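Structure record follows, encoded as C-alpha cells.
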Amino acid sequence: MAQDKKVALITGANRGIGLETAKQLGEQGITVLVGARNLSVAEGTAASLKSSGIDAYGVQLDVTNEADRKAAAAFIAEKFGKLDILINNAGVSSPEGFTSVISQVRDEELQRVFSTNLFAVVALTRELLPLLRKSPAGRIVNLSSILGSNTLHADPKSPIADFKSFAYDASKTALNAYTIHLAWELKDTPIKVNAAHPGWVKTEMGTDAAPMEIPDGAKTSVALATIGADGPSGRFIHLGSELPW
Ligand code: NAP
C-alpha cells in the first residue's frame, strides 16, 4: 500500500544543488531518495541527512544507466508504491567551457552532454511516470538553465548574450522543449511539470565566481516540487518569476 507521506527522488543528490534540495525537502517532512552514481556515496549522503532527522534513503542511480533506472523504479514501487516528486537534477556542463569555438563542437561532446542532460531525463521520467501517476499530486522538476533560453541568447543586450556554450545550452533548450511537451501530455492529470533555473550558484559546476549560495540555489526546485494544485505547469521559472523560453 502506498505510504501517506510524500516521497521525492532527487537525481545527482550527493552534492551541489541536488544535495541541498534533498535537505530542504526532507526538512519539510518529505521522504527523500538520494540518487547518486555510486551506492556507497548515495548511502553515505542519506546517512548524513538521517543524522539531522530527515527520512532519507540512498539509491544507486547513474541516470544514463538503464539497469540503474529500472532498479530505482522497482525499489520505489516495492517500498513506497508511488512517487510524488521527481527532481531531474543531475547534469553535466561542457568540458570545453564558454569560450569554445561553437563551429568546432565535437560529436562526442554533444553526445556526452545530451546523454545526461536530455536523454537520461526522458528515459528516467518514462520509467517513473507510472509511479508518479499513483500520487495524488505528482510534481516533476527539470533542472534547466537560463543558458537554455533561445530568446535571451538571440538578444545581444541580454546578460547571457556572451555566455555561449553550445552543447550545454542546446541540451537545456531541448530539456525545456521536453518540459513543455510533457506538461501538455499530462495537462488533464494532477501531475505538474516545470523547468527550473536555479540561478548562477556556487557549486562545482557554477564555480566560486557564482553570486548565489547553494541554499538559495535550491529554492526554485523546492518551490516547484511543492506547488499546490493551482500552481503552474509547463513553465520556466526562477525564484517565482517566469523566464522566456
Ligand atoms: P554539480 O555541483 O556539478 O553537481 C552535479 C550533480 O550531478 C552531481 O551530484 C553529479 O554526480 C551528478 N551527475 C552528473 N552526471 C550524473 C549521472 N550520469 N548520473 C547521476 N548523477 C550525475 O552541479 P550543480 O551546480 O549542483 O547543478 C545541478 C543542476 O543545476 C544541473 O542540472 C545544472 O545543469 C543545473 N544548473 C546549475 C547552475 C549553477 O550555477 N550551478 C546554473 C544553472 C543550472 P557526481 O558527483 O557523481 O559527478
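The values are calculated or read from the model by the stated rules, or taken from the named source; none is laboratory data. Everything quoted here is computed from the prediction, not taken from an experiment. Cβ sites come from the backbone with ideal geometry, for glycine too, and all protein chains shown count toward neighbours. Surface areas here come from the heavy atoms of the whole protein model, side chains and all, with no ligands, DNA or RNA. Shrake-Rupley method; radii C 1.70, N 1.55, O 1.52, S 1.80 Å.
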Quiz item: Quick one: which of Ala46, Ala120 is open to solvent by less than 60 Å² (accessible area, probe 1.4 Å), out of contact with any helix residue (DSSP H, G or I) (no Cβ under 7 Å at 6 or more places or on another chain) and closer than 20 Å to Ala218 by Cα?
Solution: Ala46
Practice problem: Would you mind stating whether Ile146 is in contact with a Leu (Cβ under 7 Å, 6 or more places away or on another chain), at pLDDT 95 or above and more than 16 Å from the ligand (Cβ to nearest atom)? | Solution: no
Practice problem: Filter the stretch 204-242 down to residues that are assigned to a helix (DSSP H, G or I), closer than 21 Å to Leu186 by Cα and of a type in the set (Ser, Thr, Tyr), then give me how many there are. | Solution: 1
Exercise. Kindly list, by first and then second residue, each pair from a residue in the stretch 206-217 that is near the ligand (Cβ under 7 Å from one of its atoms) to a residue that is open to solvent by 50 Å² or more (accessible area, probe 1.4 Å) and of a type outside the set (Phe, Trp, Tyr), limited to pairs with Cβ atoms under 6 Å and residues at least 6 apart or on different chains.
Key: Ala210/Lys202
Quiz item: Considering the stretch 68-99 alone, what residues qualify as being open to solvent by 60 Å² or more (accessible area, probe 1.4 Å) and either within 13 Å of the ligand (Cβ to nearest atom) or touching a residue at least 60 places away in the same chain (Cβ under 8 Å) (or both)?
Solution: Pro95, Glu96, Phe98
Quiz item: Does Ser48 satisfy the condition of being in a loop (DSSP other than H, G, I, E, B), more than 12 Å from the ligand (Cβ to nearest atom) and either farther than 19 Å from Ile85 by Cβ or at pLDDT 95 or above (or both)?
Solution: no
Quiz item: What about Asp188, is it surrounded by fewer than 21 Cβ atoms within 10 Å (Cβ to Cβ), modelled with pLDDT of 95 or more and assigned to a loop (DSSP other than H, G, I, E, B)?
Solution: yes
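A quick yes/no check of all residues on (1) of a type in the set (Ser, Thr, Tyr); (2) in contact with a Pro (Cβ under 9 Å, 6 or more places away or on another chain); (3) open to solvent by less than 40 Å² (accessible area, probe 1.4 Å):
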{"position": "Ala154", "(1), (2), (3)": "no, no, no"}
{"position": "Ile180", "(1), (2), (3)": "no, no, no"}
{"position": "His197", "(1), (2), (3)": "no, no, yes"}
{"position": "Trp200", "(1), (2), (3)": "no, yes, no"}
{"position": "Thr207", "(1), (2), (3)": "yes, no, no"}
{"position": "Ala210", "(1), (2), (3)": "no, no, yes"}
{"position": "Leu224", "(1), (2), (3)": "no, yes, yes"}
{"position": "Gly231", "(1), (2), (3)": "no, no, yes"}
Quiz prompt | Residues (within 17 Å of Phe75 (Cα to Cα), surrounded by fewer than 21 Cβ atoms within 10 Å (Cβ to Cβ) and polar (S, T, N, Q)) located in the stretch 1-43 | solution = Gln3, Thr31, Asn38, Ser40
Exercise. Give me a count of the residues in the stretch 103-113 that are open to solvent by 40 Å² or more (accessible area, probe 1.4 Å) and closer than 23 Å to Leu182 by Cβ.
Key: 2
